[in-house]
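Just below is one structure, and these are the notes that go with it.
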Amino acid sequence: MVFLTSQIASRMATPEQLERSRIALEAERSRFAALLLFARHVSHDMSNYITVVRTYSELLLADLPTTGSPHADVLEIHRAADAMVDYMQRIGRFARTSTARPGLVQLDETLHNIIKESVAVTRIRINLNSAAAVRIDAVWLADALREVLKNATEASPENSVIEVRTCIETVAAPMIDSGVPIEVGMWALIEVTDSGVGIGLDMRSRALDPFVTTKTAERGAGFGLALARSAVWQAGGQLVIDEPDSTRGGTQVRLWLPLEGAP
């Protein structure tokens, strides 16, 4: 059930490196908590303002003749308001990850069901071998997995393969995975590997932040991976982005989730 033993060995770190990574992680958690609070307030307040714009633009559209520039201008305002409603809903969804309700979830079964629903199901090669039960909010886990798969699909060339693997890893000594400390214990590990152009080192350090996206404005709002990491954090896990350990390029997302009942 272990397929990353050699990779884990390569991630061993000195006590000094581990301490620095732990301090950095705590600072990141504090910063992220502030962003969640900001997102909660923004989604609430801005939604009220946007509702006013949508309502009055609808009233104006009903009164204006359908021909002429005034109707076209107000219609554009209404469309922009609709787009903002969708955007604020995404912010609100991200903000609500702090309200997790953990329960026992069968990881492989959940992931298999989500993959079956994916538009890229024919492109996904699965190797689900963890047989793991993890304590996490089932709704947020499903959301996190969908976001990771969606990002992998959109980042990969058409008809290319996306690999999804699960296993159980026993971490005997603290280690660092892409700058993130992974503590001693038994972990359920999910890997999602795409075949895209990859993410540069500079962007990789910011890709998990909300409001940051590598996609065009029409395709991404910058909340997918941030939402996924927040959901995993609520369960005591970690999410990291890395390059695959191969020459094929692309990006690999790893989700570490503590195994239920593990010491």
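Under the condition of being under 18 Å from the mean Cα position of the chain (by Cα) and polar (S, T, N, Q), which residue from the stretch 131-185 is modelled with the highest pLDDT? Within the stretch 131-185, the match that is modelled with the highest pLDDT is T166. In the stretch 161-197, the qualifying residues are those that are touching a Ser or Thr at 6+ places or on another chain (Cβ under 8 Å) and either among the acidic types (D, E) or over 23 Å from L141 (Cβ atoms) (or both), and the one that is surrounded by the most Cβ atoms within 10 Å (Cβ to Cβ) is D194.
Could you check the stretch 22-62 and list, in sequence order, the residues that are of a type in the set (F, W, Y) and surrounded by 16 or more Cβ atoms within 10 Å (Cβ to Cβ)? Before the answer, list the steps.
The initial filter retains those residues of the stretch 22-62 that are of a type in the set (F, W, Y), namely 32, 38, 49, 56.
Passing the criteria: only F32.
Just to be sure before I move on: is I126 assigned to a strand (DSSP E or B), open to solvent by 40 Å² or more (accessible area, probe 1.4 Å) and aliphatic (A, V, I, L, M) in the structure I sent?
Working: assigned to a strand (DSSP E or B): yes; open to solvent by 40 Å² or more (accessible area, probe 1.4 Å): yes; aliphatic (A, V, I, L, M): yes.
So I126 fits the description; yes.
Residues that are touching a residue at least 12 places away in the same chain (Cβ under 8 Å), assigned to a helix (DSSP H, G or I) and among the β-branched types (V, I, T) were ranked within the stretch 66-120; the one that is nearest to W256 (Cα to Cα) is T110.
Each row is one residue, and each column tells you yes or no for (1) modelled with pLDDT of 90 or more; (2) open to solvent by less than 30 Å² (accessible area, probe 1.4 Å); (3) assigned to a loop (DSSP other than H, G, I, E, B); (4) within 17 Å of V180 (Cα to Cα).
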position: G222; (1), (2), (3), (4): no, yes, yes, no
position: L225; (1), (2), (3), (4): no, yes, no, yes
position: A228; (1), (2), (3), (4): no, yes, no, yes
position: L239; (1), (2), (3), (4): yes, yes, no, yes
position: P244; (1), (2), (3), (4): no, yes, yes, yes
position: V253; (1), (2), (3), (4): yes, yes, no, yes
position: P258; (1), (2), (3), (4): yes, no, no, yes
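The values are calculated or read from the model by the stated rules, or taken from the named source; none is laboratory data. Computed from a predicted model, the values in this text were never measured in an experiment. All Cβ positions, glycine included, derive from the backbone under ideal geometry; neighbour counts span all protein chains shown. Please note that ligands, DNA and RNA were not included when accessible areas were found on the heavy atoms of the full protein model with its side chains. Shrake-Rupley method; radii C 1.70, N 1.55, O 1.52, S 1.80 Å.
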